[in-house]
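Notes follow once the structure below has been shown.
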Amino acid sequence: MPQPGYQDDNPFNLENPAILDIAPPEPKSLEETGLKMGLLSDIALKFLYYSGTGTGMEIADELRLPWPGVIERVVDFVATEKLVDLRGGKGFGRASVEFILTEKGREYARDALTRTTYVGPAPVPIEQYNALITQQIEENPVVSRDDLLMGLSHLTVTEDLLDKLGPAVNSGRSLFLYGPPGNGKTSLAEAISRMFGGEAYIPYCIEIDNQIIKVFDNLNHTPIPLDGGGDAAGRRQTFEMDNRWLLCRRPAVVVGGELTLETLDLIYSESARFYEAPFQIKANGGMLLIDDFGRQKVHPTDLLNRWIVPLEKRIDFLTLHTGKKFEIPFEQLLVFSTNLDPKELVDEAFLRRIKYKIEVKNPDEGTFREIFERVCEAAGIPYVDQAVTYLFEAYYKPRNMQLRACHPRDLVALIKDAARYRQMPPALSKDLLDQACEVFLVDL
């Protein structure tokens, strides 16, 4: 919840400031971390093993846990066990004392490295992760019609499509985008991910049975600094929470042909001896887009069968390399996008579990002209409506070709290439249009 000293209700400029109301509190004791002393001392010893020396506060910063009540107990434990020695102090207080491993400590650290090489922020127990991920779904902001219009303003979208997308996005469940290629399904899905809005808590990693699963990654998660600058008195406004978590923009994870069944389960590194979370865990609280569905190396039916339980129960089951299975929330908007005929990809049982099935159709002539005009404006080329009429009459209708939303963009790009070659200004002239169409609108 908002903390004392703030000068306004949203000092961190969040899209959904109410998310702070459920922030995980900073643990005040070892017990509140939910972790065992052995795991925390292992990480601390490995940190000292790699760094050579470290103060109490440096260990606390590395593990993202507070010194009082937590890391001071870890340091007391390893000191009592004669695993570390005092090397000196950098200031006043035990937190500033510098520690170095003893020979026994180095032996313990090497032994810890045989179990896992992970060094970094302490993990969040699976129970704490499951509870917060489920709770924060209720805090997701509503995407209004105005939000949708703004988020799709760079695209030409019909009213009918807009009114189908709105409820689908707010459902936070599942969406199947299908239709001919080149009509903007991927662009729609990417726009949806950008307009999703709000924030989500993402842990650095989670723990189950002393196994560590890395969740946060820079490709899919964008942290939001909880530093509101200075107040009127010059005091820094920061937000206190469990620093094993990061507040991030709601994630939007996009996968395509690289998706396999193996990447939908925990990815265990034999050399590092810890796990990388699969795509759907990294997308929790946001959106997971399966682009070009049906073109993966694995058969579509096998992929779809993998999603049946998560879609129905909103939970997923993962397996450790030890054979232990555990459940984890499946809380995201799952979007499938395909150019292929859905009837050839999915059966009725699966389609029933996909709540929203939306066809992204070919544009009609009016929409095609509107797209062409917007593309010309963006390219700095004067739009000539008669030139588009010429395209219809000279190329599309005689060849019985279907209109595609991507054609204006592609044709304008070819016109610019031809004009550059001829060393003349680009324009929707008959000569340049013909040259573009003769290499683009071909019958193969």
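The values are calculated or read from the model by the stated rules, or taken from the named source; none is laboratory data. In this text, all values refer to a predicted model and were calculated from it rather than measured experimentally. Ideal geometry is used to build each Cβ from the backbone, glycine not excepted, and the neighbour counts take in all protein chains shown. Note: accessible area is taken over every heavy atom of the protein model, side chains too, but ligands, DNA and RNA are not part of it. Shrake-Rupley method; radii C 1.70, N 1.55, O 1.52, S 1.80 Å.
Per-structure values
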| read-out | value |
| --- | --- |
| Under the Karplus curve 6.51 cos²θ - 1.76 cosθ + 1.60, θ = phi - 60°, whole-Hz ³J(HN,Hα) for segment 44-54, x wherever Gly or Pro sits | 5, 5, 5, 4, 5, 4, 7, 8, x, 9, x |
| Segment 151-308 shape via C-alpha gyration tensor axes, a/c threshold 1.5 | oblate |
| Nonlocal amide H pairs with Leu266, under 5 Å, H built at 1.01 Å | Thr319 |
| 5 angstrom amide H check on Ser174, placed H, neighbours 5+ away | Leu334, Lys355, Tyr356 |
| Rounded percent of accessible protein surface that carbon and sulfur make up, segment 126-248, 1.4 Å probe | 50 percent |
| From the coordinates shown, percent of Cα pairs over 34 Å apart corresponds to which of (1) 48; (2) 33; (3) 25 | (1) |
| Using θ = phi - 60° and Karplus 6.51 cos²θ - 1.76 cosθ + 1.60, couplings along segment 349-360 (whole Hz; Gly, Pro as x) | 4, 6, 4, 5, 7, 7, 6, 10, 10, 10, 8, 9 |
| Of all accessible heavy-atom area on segment 283-378, the percent that carbon and sulfur account for (1.4 Å) | 46 percent |
| Residues whose placed amide H lies under 5 Å from that of Ile224, excluding near-sequence neighbours | Leu247, Cys248, Arg249 |
| Most mobile of Ala252, Ala405, Ala283 in a GNM of the chain (Cα contacts under 10 Å) | Ala405 |
| Phi-based couplings in Hz for segment 116-123 (Karplus 6.51, -1.76, 1.60; Gly and Pro marked x) | 6, 8, 4, 9, x, x, 4, x |
| Heavy-atom accessible area per residue - segment 46-115, 1.4 Å, Å² | 53 Å² |
| Coil-residue trypsin sites (Lys or Arg not before Pro) of segment 254-307, DSSP, other Cβ within 10 Å capped at 15 | Arg295, Lys297 |
